[in-house]
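The values are calculated or read from the model by the stated rules, or taken from the named source; none is laboratory data. Treat the numbers as computed from the prediction; the structure is a model and nothing was measured. In this analysis, Cβ positions are derived from the backbone assuming ideal geometry, glycine residues included, and neighbour counts consider all displayed protein chains.
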Amino acid sequence: MWFLWIIGIFVIFLVLVAIYDVFIQKTHTILHNFPVVGHLRYFIESVGPEFRQYIVANNREELPFNRSQRTWIYASAKKQNNYQGFGSDQDHGSPNYILIKPSMFPFALEEGHPNGKDKSFLPCAKVIGPGRKRPYRPYSVINVSAMSYGSLSRAAIEALNKGSLKAGNFHNTGEGGLSPYHSNGADVCFHFGTGYFGVRNKEDGTFSMEKMIELVEKNPFVKCIEVKLSQGAKPGKGGVLPAKKITKEISEIRGVEMGKDVLSPSSHSAFKDIDGLIDFCESIAEATGLPVGIKSAVGKMSYWHELAEKMKASGKGPDFITIDGGEGGTGAAPPAFADHVSLPFIYAFPKVYKAFEKHGMHEKVVWIGAGKLGLPDRGIMAFAMGVDVINVAREAMLSIGCIQAQICQTNHCPTGVASQRKWLQRGIHVPDKADRFYNYVKTFRKELLEITHACGYEHPCQLKMSDVELAMGDNNKTVTLEDSYEYSKAEVNFKGMTDLYNCPHLGGKTN
C-alpha cells in the first residue's frame, strides 16, 4: 500500500512540474515544448564537463590540463606511482613539443652534497633584493602563485599554507589581502592590486603606506611584496569576485560590502606611469625593508623597454618581475579576456627578457614565471629561457583535490577548493590536503633536479637555451629555444648547492 502512495506522490509531482513548465515559466523554450523531460537537457549540460573529462576525452586532448597531466599531479600529491609504461603516447613532432637534450655524462652527486640528503632541496639561485634591508632567497624554486582568499576557500588557502610550511616554499596571498589562513608559518609574498585590499584607506580605497608598514611589522613571515599591474586571465580589467562568494569574513578582510560584486579598478591610483611605478616600488621597499616586485601580463612592449631603460638610468625599480602568461587564471574572467587578451608565457617571457637584455638589466632582477609551468617539462623549458622561480596556481589547486570542473566563478565548486559554501568546504581535510601539496612540490622539485642532472648540470639555473629544442610540426624540423626566440639567456652566478644551503638570506624550511 505504501508503495502505491509513493507512486501517486511522484506522479502528482511530475504533473505539477509539467504545469509549471508549460503555463508558468516563460524563460526556457525547451521546457515549454518538452515539459518535464526538458530538464534532462539542462542537467546533462551542467555535468557535461565532468562527463567529457572522464568518459569522452582521451588522455591528451583536454584543456587547460589534459588527463595525463592531471594524473601526474594527482599521483605525485598522493605519493603514488607517477610513472608510465610502454613508452610515450605523445606526438613528438607536434608544434612546440618540448625536447630536452641530455648529456652523455650526467651530473654526479659527490659525498656530502645537499641533494644527497634531500633530493628535493632546490632553492632559488639568486637573492631577491640584495640591496634591501631584508634580502630574501626563496628556499624553493616552486611556489604558490597569487590566489586570494575569496577566489579560493578558507580550507584550500589553509591547506596550501600549511603544505608550503612543510615544503619551504613561499605562498603568494593574491590580491584579496592577508588572511588568518595565510598565517600558519610559511613564507608569504604579500600581493596587492588596484583594489589595495588589506592596505587601503577605507574612505576612498587608495593605498595606505601606514597600513602596509603595520602589516609587515605584525607579520614577520611576509618576506616580499608584489604589486600586480595585471594578470594573465584578465589584463587591464582588475580583479573580479562575484557577490555570491563574499562572506562576512572576506568583506572584513578586504574592506568591501557584502552582496555586491567586487570589481577592482582597471588601473592603479597610486601611480600612472613608469616613473611613478619605480618611485612606488622604491617607497615601499624603503618603508618596509622588503624586496618589492611587480606582476604583469604582457602586451605592448614599449612600456617594458621604458621600464628597463629607466631602471638602468636610476639604479632603482622592482627587485623581481613576475611574467604571467595569458593562458593562466584561477577565478572569474570574461571569456574574451581569458582567451585573447595578453600573450601566452612562451611568447611573453622572451619578449620582456630581450627588452631587459637590450638595456643590460636582465641580470639585475629575479625572474618569476607563471602560466601553466607546474609540470617538469614546462619547468625545464622555463628555466632554460631565463626564469629563476616558478609560481604555480591551478596545479596547486589540482594537488589538493580540484577536478577541473571549470565552475570556479559560480561558488558551486564540487570539491570546495573554489567555493565559500561551508558544506562543500567540509570535504577538504586540511592536514591531508596540506600533505598532498607538500608531496606535489617535493616531487616536482625532485624531478626538476633529476632532469637537470641528466643534462649535466647541478641546478636548473645552469640550463642553456640550446639544451631545449622545440618541434616545428609538419616541416619535420626542430629548433633550439635560442634560435626560436633569438636571444641567449644570461649565465647565473651560481657557486654550488652547498653555497645556497649556507646562504644567510635563505628562507623557508632550512633544516
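Within region 278-313, count every residue that is in contact (Cβ under 8 Å) with a residue 40 or more places away in the chain, closer than 15 Å to Phe207 by Cβ and of a type outside the set (Val, Ile, Thr).
Residues meeting the conditions: 5.
Conditions: (1) in contact (Cβ under 8 Å) with a residue 24 or more places away in the chain; (2) surrounded by fewer than 22 Cβ atoms within 10 Å (Cβ to Cβ); (3) farther than 29 Å from Ser267 by Cβ. Ser88 meets all but one. Number of the miss?
Here Ser88 clears every test but (1).
Checking the structure you have, find out if any residue of region 231-244 is in the same structural domain as Met361 (by TED's automatic domain parsing), surrounded by fewer than 16 Cβ atoms within 10 Å (Cβ to Cβ) and within 18 Å of Thr173 (Cβ to Cβ). Walk me through how you get there before you give the answer.
If we filter region 231-244 for residues that are in the same structural domain as Met361 (by TED's automatic domain parsing), which is where we start, we get 231-244.
Keeping just the survivors that are surrounded by fewer than 16 Cβ atoms within 10 Å (Cβ to Cβ) gives 236, 243-244.
Narrowing further to those that are within 18 Å of Thr173 (Cβ to Cβ): none.
Taking every residue of region 231-244 in turn, none turns out to be in the same structural domain as Met361 (by TED's automatic domain parsing), surrounded by fewer than 16 Cβ atoms within 10 Å (Cβ to Cβ) and within 18 Å of Thr173 (Cβ to Cβ).
Yes/no per residue for (1) under 17 Å from the mean Cα position of the chain (by Cα); (2) modelled with pLDDT under 90:
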residue	(1), (2)
Lys223	no, no
Ser230	yes, yes
Pro235	yes, yes
Lys244	no, yes
Arg254	no, yes
Met258	no, yes
Pro265	no, yes
Ile274	no, no
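Write out, first by first residue and then by second, each pair whose Cβ atoms fall under 6 Å of each other, whose residues are 6+ apart or on separate chains, and whose first residue, in region 108-131, is at pLDDT 95 or above while the second is of a type in the set (Ser, Thr, Tyr).
Pro123/Tyr139; Ile128/Tyr136
What single numbered condition from (1) closer than 22 Å to Lys442 by Cβ; (2) modelled with pLDDT under 95; (3) among the charged types (D, E, K, R) fails to hold for Glu175?
(1)
If you scan region 199-229, which residues turn out to be buried (at least 16 other Cβ atoms within 10 Å of the Cβ), touching a Ser or Thr at 6+ places or on another chain (Cβ under 8 Å) and free of Cβ contacts under 8 Å to residues at least 60 places away in the same chain?
Hits for region 199-229 are Val199, Arg200, Phe221.
Take the residues in region 10-59 that are polar (S, T, N, Q) and assigned to a helix (DSSP H, G or I); name whichever of them is modelled with the lowest pLDDT. It would help to see each step written out before you state the result.
Going residue by residue through region 10-59, those that are polar (S, T, N, Q) are 25, 27, 29, 33, 46, 53, 58-59.
Remaining after also requiring assigned to a helix (DSSP H, G or I): 29, 33, 46, 53.
On the way: Thr29: 70, Asn33: 80, Ser46: 68, Gln53: 62.
Among residues in region 10-59 that are polar (S, T, N, Q) and assigned to a helix (DSSP H, G or I), the one modelled with the lowest pLDDT is Gln53.
Name the residues in region 405-427 that are hydrophobic (A, V, I, L, M, F, W, C) and surrounded by 21 or more Cβ atoms within 10 Å (Cβ to Cβ), would you?
Initial filter on region 405-427 (hydrophobic (A, V, I, L, M, F, W, C)): 405, 407-408, 413, 417-418, 423-424.
Those that are hydrophobic (A, V, I, L, M, F, W, C) and surrounded by 21 or more Cβ atoms within 10 Å (Cβ to Cβ): Cys408, Cys413, Val417, Ala418.
Taking region 98-137, which residues are in contact with a Lys or Arg (Cβ under 8 Å, 6 or more places away or on another chain) and assigned to a strand (DSSP E or B)?
Correct list: Ile98, Ile128, Tyr136, Arg137.
How many residues does region 138-156 contain that are closer than 14 Å to Cys408 by Cβ and part of a helix (DSSP H, G or I)?
Within region 138-156, residues that are closer than 14 Å to Cys408 by Cβ and part of a helix (DSSP H, G or I) number 1.
Please go through region 458-500 and give me each residue that is surrounded by 13 or more Cβ atoms within 10 Å (Cβ to Cβ), in contact (Cβ under 8 Å) with a residue 60 or more places away in the chain and of a type in the set (D, E, K, R), ordered by number.
Glu458, Lys464, Asp467, Glu469, Lys489
Among the residues of region 167-182, write down those that are part of a helix (DSSP H, G or I), in contact (Cβ under 8 Å) with a residue 24 or more places away in the chain and over 14 Å from Pro138 (Cα atoms).
Hits for region 167-182 are Tyr181, His182.
On the given criteria, is Ser264 among the small types (Gly, Ala, Ser) and under 16 Å from Gly198 (Cβ atoms)?
The answer is yes for Ser264.
Go over the candidates Glu210, Glu175, Glu110, Glu158 one by one and state the one that is among the acidic types (Asp, Glu), under 24 Å from Glu249 (Cα atoms) and either more than 17 Å from the chain's Cα centre (by Cα) or not assigned by TED's automatic domain parsing to the domain that holds Ile428 (or both).
Details: Glu175 fails: either more than 17 Å from the chain's Cα centre (by Cα) or not assigned by TED's automatic domain parsing to the domain that holds Ile428 (or both); Glu110 fails: under 24 Å from Glu249 (Cα atoms); Glu158 fails: either more than 17 Å from the chain's Cα centre (by Cα) or not assigned by TED's automatic domain parsing to the domain that holds Ile428 (or both).
One residue alone meets the criteria, Glu210.
Being surrounded by fewer than 23 Cβ atoms within 10 Å (Cβ to Cβ), over 21 Å from Thr247 (Cα atoms) and in contact with a Phe, Trp or Tyr (Cβ under 6 Å, 6 or more places away or on another chain) is the filter here, so list the residues in region 151-186 that pass it.
The one that is surrounded by fewer than 23 Cβ atoms within 10 Å (Cβ to Cβ), over 21 Å from Thr247 (Cα atoms) and in contact with a Phe, Trp or Tyr (Cβ under 6 Å, 6 or more places away or on another chain): Lys166.
Among the helices (runs of 4 or more DSSP H) contained in region 405-511, which hold 1 or more residues that are within 19 Å of Asn143 (Cα to Cα), in contact with a strand residue (DSSP E or B) (Cβ under 9 Å, 6 or more places away or on another chain) and among the aromatic types (Phe, Trp, Tyr)?
Qualifying helices (runs of 4 or more DSSP H): 430-454.
Under the condition of being under 20 Å from Asn493 (Cα atoms) and touching a strand residue (DSSP E or B) at 6+ places or on another chain (Cβ under 8 Å), which residue from region 357-378 is surrounded by the fewest Cβ atoms within 10 Å (Cβ to Cβ)?
The extreme case among them is Val365.
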